[in-house]
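For reference, the structure discussed in these notes is given below.
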Amino acid sequence: MKFQIHRFEETDSTSAALKRSCSELPPGTVFVAGMQRNAYGRNGRSFFCSPGSGLYFSILLPASLPLELTAAAAVMLRRAIRRVSGVQTDIKWLNDLCIQGRKAAGILCEVCHDAQNGPRMVLGIGVNVHDPGFEGALHSTACWLDEFAAGPVSREALLQAFLEELGIYLAGPQSCDWIDEYRHALLWKNRKVKLVQGHTVKDCVLVDADSHGNLIVSRNRNLEVVSSGEIHLLLAE
């Protein structure tokens, strides 16, 4: 797929802006912003942004892509970060990349309803690259790449590396061996976790991920497959 990059100094959200314009744009369109005023993640949770410190972008993709796009994108981003910075990341199911248990990046895949072309997917990604000036509790739960890299990480190089990795995946999702890496990088494997959905909390053990990136947990000595993006995962220990 050929990517066409559109750059903005500031926007409300690259994903929101792309969804508003999806009927006028071809698949492969990329919106990149230096700052997002209203960035969001799963379930509408806010994503902290600081001007010039992060890499914030969204990509318009065909809706015919497999459902495991979010999980696969986490692996593609993990590979790009490793290539550009040398930093190793873990994947917190379903869509966060972490370093030493602290969040460094988030991924969100949404459906864009286009009356002319049918449904499409918008893949939104935010990466903390330079020191964003976190305050309060964010210091213990979030981090940035420069904090662990040998030197300053280039946001442009990271963007290009990710697009290269994503292009390989899109050319042949079944042949790029992403699921083995996803399983290997899965955070909290074999540890007690809490599955939170609304006001319901379930205690279980995180076992693995299946071939589509769905979570496999053990609960009351029975294996269960978790696929809902509405579930929030917490460490129980």
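What does the charge add up to near A161, with Lys and Arg as +1, Asp and Glu as -1, over the other residues with Cβ less than 12 Å from its Cβ? Could the numbers behind the result be given before it?
Details: positive: R78, R79, R82, R83, R155; negative: E156, E164, E165.
Neighbour charge sum, excluding A161 itself: +2.
Could you work out the equivalent-ellipsoid semi-axes for the range 193-237, taking the square root of 5 times each eigenvalue of the Cα gyration tensor, largest first, in whole Å? Intermediate values should be presented prior to the final figure.
Values: eigenvalues 49, 34, 16 Å².
Over the Cα atoms of the range 193-237, the semi-axes work out to 16, 13, 9 Å.
What does the charge count around V205 come to, taking other residues whose C-beta lies under 13 Å from its C-beta (Lys +1, Arg +1, Asp -1, Glu -1)? Each step should come with its number before you reach the end.
Numbers: positive: K189, R191, K192, K194, K202, R219, R221; negative: D203, D208, E224, E237.
Taking every Cβ under 13 Å from that of V205, the sum is +3.
Return the long-range amide H neighbours of A209 (sequence gap of 5 or more, or a different chain), with a cut-off of under 5 Å between placed amide H atoms.
Correct list: I216.
Once neighbouring chains are kept in place and the probe is 1.4 Å, which whole percent of the accessible area of the chain is contributed by carbon and sulfur?
On the chain, the fraction of accessible area on carbon and sulfur atoms equals 49 percent.
Using the structure shown, select from K103/K189; K19/K194; K103/K194 the pairs with a Cα to Cα distance greater than 26 angstrom.
On the way: K103/K189 17 Å; K19/K194 33 Å; K103/K194 18 Å.
In this structure, K19/K194 exceed 26 Å between Cα atoms.
For a bin width of 5 Å, list the pair-distance distribution of the range 1-155 built from all Cα-Cα distances, rounded to whole %.
Result returned by the calculation: 2, 10, 19, 22, 22, 15, 7, 3, 1, 0.
For the range 59-120, what percent of Cα pairs sit more than 18 Å apart? Mind showing how you got there, number by number?
Numbers: 803 of 1891 pairs.
For the range 59-120, the share of Cα pairs beyond 18 Å comes to 42 percent.
Can you list, bin by bin at 5 Å, the percent of alpha carbon pairs in the range 122-237, starting at 0?
The distribution over the range 122-237 is 2, 9, 13, 16, 17, 18, 15, 8, 2, 0, given as percents.
Say we join alpha carbon atoms closer than 10 Å with springs in a Gaussian network model of the chain; which of F148, F162, F31 then has the biggest fluctuation?
Checking each option, the largest mean-square fluctuation is seen for F148.
The values are calculated or read from the model by the stated rules, or taken from the named source; none is laboratory data. Being a predicted model, the structure only gives us computed values, none of them experimental. Glycine gets a Cβ as well: all are built from the backbone with ideal geometry, and neighbour counts include every protein chain shown. Surface areas here come from the heavy atoms of the whole protein model, side chains and all, with no ligands, DNA or RNA. Shrake-Rupley method; radii C 1.70, N 1.55, O 1.52, S 1.80 Å.
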